[in-house]
Amino acid sequence: MATSLSASIDVEASPAAVWAVVSDLKRMGEWSPQCKKMTVLGGDPKVGTRTINLNKRGPLLWPTTAKVIRFEPERRLAFRVTENHTIWSYELEPTATGTRVTERREAPGGTTAVSNVMVRLAFGGQRNFDGELERGMNATLAKIKAAAEK
């Protein structure tokens, strides 16, 4: 398993405009091919905010929960998924023409045994799943770009 996967895209919009899209976690289902719904508990996101997520891949549906662990307006947002210990993050960097957005999925201590079994049995193995996640990141970033550039 790759301990870190990432993808980046350049957006022709200010960091503030991109942040407005990225930090609206309730809209994650519009961007992500796998996370179909993210319910934010307790108001606007900040460090410590918890979410309940519904994920889908083909006929499979499964819930997860997450906690926001980094929240720096116009710079970075990250949340840790409780069930598999992965950290998903978005980092914004100003450029001459707008903002570079990098999405990362990190598993610094590896993922849980249950997650590893599910990846092997239901998702075609780690290499296949990592490739799918990278393609999903690129699709997510393309949708974030389109929304921010409107």
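The values are calculated or read from the model by the stated rules, or taken from the named source; none is laboratory data. Bear in mind that the values here come from a model prediction, so they are computed numbers and not experimental data. As a convention, Cβ positions derive from the backbone with ideal geometry for all residues, glycine included, and neighbour counts pool all protein chains shown.
What are the residues in region 11-52 that are more than 12 Å from the chain's Cα centre (by Cα), under 30 Å from A96 (Cα atoms) and of a type in the set (S, T, N, Q), if any?
S14
If a residue has to be in contact with a Lys or Arg (Cβ under 7 Å, 6 or more places away or on another chain) and under 23 Å from T3 (Cβ atoms) to count, how many in region 54-70 make the cut?
7
When you go through (1) surrounded by fewer than 17 Cβ atoms within 10 Å (Cβ to Cβ); (2) over 29 Å from A13 (Cα atoms); (3) not small (G, A, S) one by one for E93, which number turns out not to apply?
The one condition E93 does not meet is (2).
Can you work out which of the residues in region 99-119 that are under 30 Å from A16 (Cα atoms) and surrounded by fewer than 20 Cβ atoms within 10 Å (Cβ to Cβ) is nearest to the chain's Cα centre (by Cα)?
By that ranking, first place goes to R104.
Out of the residues in region 85-117 that are touching a strand residue (DSSP E or B) at 6+ places or on another chain (Cβ under 8 Å) and not in a strand (DSSP E or B), state the one that is nearest to R70 (Cα to Cα).
Filtering first and then ranking leaves T86.
Restricting region 1-41 to residues that are touching a strand residue (DSSP E or B) at 6+ places or on another chain (Cβ under 7 Å) and assigned to a loop (DSSP other than H, G, I, E, B), which is surrounded by the most Cβ atoms within 10 Å (Cβ to Cβ)?
A13
Of the residues that sit in region 71-84 and are assigned to a strand (DSSP E or B) and of a type outside the set (D, E, K, R), which one is surrounded by the most Cβ atoms within 10 Å (Cβ to Cβ)?
So the residue we want is F79.
Identify, please: which residue in region 111-142 is at pLDDT 80 or above and among the aliphatic types (A, V, I, L, M) and is, among those, farthest from E30 (Cα to Cα)?
L133
Looking for something part of a strand (DSSP E or B) and buried (at least 18 other Cβ atoms within 10 Å of the Cβ) - is there at least one such residue anywhere in region 120-141?
Taking every residue of region 120-141 in turn, none turns out to be part of a strand (DSSP E or B) and buried (at least 18 other Cβ atoms within 10 Å of the Cβ).
Here's the yes/no breakdown for (1) small (G, A, S); (2) without any contact (Cβ under 8 Å) to a residue 24 or more places away in the chain:
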| position | (1), (2) |
| --- | --- |
| G42 | yes, yes |
| T65 | no, yes |
| F71 | no, no |
| R104 | no, no |
| D130 | no, no |
| M137 | no, no |
| K145 | no, no |
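Consider region 56-70. How many of its residues are surrounded by 15 or more Cβ atoms within 10 Å (Cβ to Cβ) and out of contact with any Phe, Trp or Tyr (no Cβ under 9 Å at 6 or more places or on another chain)?
Looking only at that region, the number is 2.
Does I87 meet the test of being closer than 21 Å to N128 by Cα and of a type outside the set (D, E, K, R)?
For I87, the condition - closer than 21 Å to N128 by Cα and of a type outside the set (D, E, K, R) - is met.
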